[in-house]
Amino acid sequence: MLLGYGRVLRGGQAGMKKVGIADEEGQNVWLSDQTAQVRTWFATRCALRALPGLGPSFDSTFDDFALVSFRAVLIAATVSTCKPRELEKLGGPALASAATIANFVADSKSDDTPGPRRTAAWAARNAAFDAHSAISGHTTGPGAVQASNAASHVARMAAGADTAEAAVALIRQAASADIVDPATWPTLWPDGKMPIGLSGLWNDMKISMQAAPEKWAFWLEWYRAILDGNPLDWALTQRIALDLTEEQWDAGPQIVARRIREIQRTFYTSIGPQLVQTESGKWGFERDANIPAEPLGYAIDSVRLALNAATLSGTQNGFSEDAAEYALIISACDRHSDHPSLVATTFWNACMSLQRNIGDVYPEDASLIALRNQLYVSVGEICEQDDLVRDRVAKLAALETRRYPTKTEKAELATLPVELREDLTFEALEAIEEAVDVIRSTEKPARFWRARLVNWVTTLGRGIERGQKAEKKAMWLLKLGKQIAGWFFDED
């Protein structure tokens, strides 16, 4: 037994309950009362505490151990946080990651005494094992116990003889803090206290990963966010778990990193209906959020009235049908009224543009202020109807402009509708033509238009590539998508 660790202690003052793990038996009792997803979550938290045992990249095995370990823990974390109806989709990746790392660790055995690196990888494997048990509907899974034992063993090996017990005590304290509030994601270590020795391994690993950002930038960001108790969006984590293929995982950390950057670009620019392949083989829009006609129509009509009032006052406020905000609002009201998330994100972009320009480009005019306020209210009313719309507005709000389109990019974008004509439905082609026209004709096109185009180009490039046809077109689209993603992301 690697750790005596788990008797659940309860007591304290009247009316108060103190929960703690003291030995393995009690830990097992607690785990036996939990759902499969909670057991997976507990195993994942334990495995994450063990990961610094992977250590620095002082030999060629680091890349292999680190990648399969991060993959296994990422998938386990996704299983423990996703909605039950999404579990089935994760069955293949969870099983593959558990099997891959189990085989890898088994093949790497050079002696009977596992070191920190192999033990940390084993902890990750056991988290993935529990993830697969949760997906398969098994009532029990030993992964959580073994992952917690492995975390303690890594801490013992990393610490000196005089500090080993203190290191294990901190592991026990962290696990005890977890079971007070199951399935939450606070800081990985209470009060930020990582055990002595383990913190040294973490610093060494961090330095190694920082020296090779082309391989490890995402994983470093992902792990740091979990350490700090502020994990990256779980929907993004799920996308990575589902979208990366076995072939890509097997190609090594640099190929995986490139694919993850592409998934991130698509995820953070998904501010409207996504392009999906239809039964005809062409690409068209998915069904948007389902919002009742009354609140959506009221929001649009209210903005339209405020827009008319502001435009009628154009001689006083300088606002006219040539204004960028006018074009945005009219596009939403007249062309995209059946896509609530497009309406909401367009209104939000117009609202923010007016916020910047009133008092600068435009005077402090009452009708323009009223239009800005109505846009804000209408966005709020639409977002109240659907979480998907709220999420897309939040993504648009979070995007930061790094640069604007260059003349060369605008010239290349002009060919986009022509090249894609045979691949798109009429509605999708019309939307891409509109976005291209606005971006090419505007010095500083709104984030709304730029984000949509980055998302669509990246989605089409990957989709056409998966279809194993028009390889030249797919490569061109992927290259173009990466290039224009520089409007928002650092692509160096």
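Just a few scattered comments:
- Helix 387-398 and the long axis of the chain differ in direction by around 80°, with both axes built from C-alpha atoms.
- Cα-based convex hull, the stretch 293-385, per residue volume (Å³, whole number): 74
- Rounded to the nearest 20 debye, the dipole size of the stretch 293-385 about its Cα centre is 100 debye, using +1 on the Cβ of Lys and Arg and -1 on the Cβ of Asp and Glu.
- Multiplying the residue separation of residue 206 and residue 398 by 0.36 nm and subtracting their alpha-carbon distance yields 66.4 nm.
- Share of pairwise Cα separations in the stretch 241-294, more than 19 Å, in percent: 51
- Selected from 418, 312, 349, residue furthest toward positive end of dipole (the stretch 312-444; charges at beta carbon): 349
- Computed P(r) (all Cα pairs; the stretch 435-484; 5 Å bins; percent): 5, 23, 26, 20, 14, 8, 4, 0
- For the chain, the fraction of C-alpha pairs more than 38 angstrom apart is 38%.
- Computed about its Cα centre, the charge dipole of the chain is approximately 880 debye, with only Lys, Arg, Asp and Glu carrying charge at their Cβ.
- Working note: 222 nm ellipticity from helices only, DSSP H runs with n ≥ 4, each -39,500 (n - 2.57), summed and divided by the residues of the chain, gives -20500 deg cm²/dmol to the nearest 500.
- By the rule of a C-alpha distance below 20 Å, with chain neighbours fewer than 8 residues away ignored, the aspartates and glutamates paired with residue 282 are 419, 422, 423, 427, 430, 433, 434, 465, 471.
- Crossing angle, helix 447-466 versus the chain [Cα axis fit, 0-90 degrees, rounded to tens]: 60
- In a DSSP loop and with at most 16 other Cβ atoms within 10 Å, the GluC sites (Glu not before Pro) in the stretch 197-299 are 279, 286.
- Signed unit charges on C-beta, dipole axis of the chain, positive-most listed residue 199, 187, 225: 199
- Cβ crowding within 10 Å, taken as a proxy for footprinting-reagent exposure, orders 90, 242, 371 from fewest neighbours to most as 242, 90, 371.
- Alpha-carbon centroid distance for the pair the stretch 142-189 / the stretch 424-449, whole angstrom: 52
- Nearest-ten-degree value, helix 116-136 long axis tilted from longest Cα axis of the chain: 60
- Pair residue 309, residue 364: separation of 7 Å Cα→Cβ label points (nm): 1.9
- Distance between the modelled labels on residue 32 and residue 437, one decimal in nanometres: 7.0 nm (7 Å Cα→Cβ projection).
- Label-to-label distance, residue 321 versus residue 169, with points set 7 angstrom from Cα along the beta-carbon direction: 7.8 nm.
- Residues 360, 386, ranked from the fewest to the most other C-beta atoms within 10 Å, line up as 360, 386.
- Low-density loop positions, trypsin sites (Lys or Arg not before Pro), the stretch 400-469 - DSSP coil, at most 11 other Cβ in 10 Å: 403, 469
- Each of 144, 252, 36 was scored by the projection of its Cα onto the charge dipole of the chain, and the greatest displacement toward the positive side belongs to 144; charges sit on the C-beta of Lys, Arg, Asp and Glu.
- Of all aspartates and glutamates in the structure, those lying under 15 Å Cα to Cα from residue 444, and not within fewer than 8 positions of it along the same chain, are 322, 325, 400, 409.
Here, each number is a calculation from the coordinates, and none is a lab measurement. All figures in this text were calculated on a predicted structure; none of them were measured in a lab. Methodologically, a virtual Cβ is constructed for each residue, glycine included, from the backbone with ideal geometry; neighbour enumeration extends over all protein chains shown.
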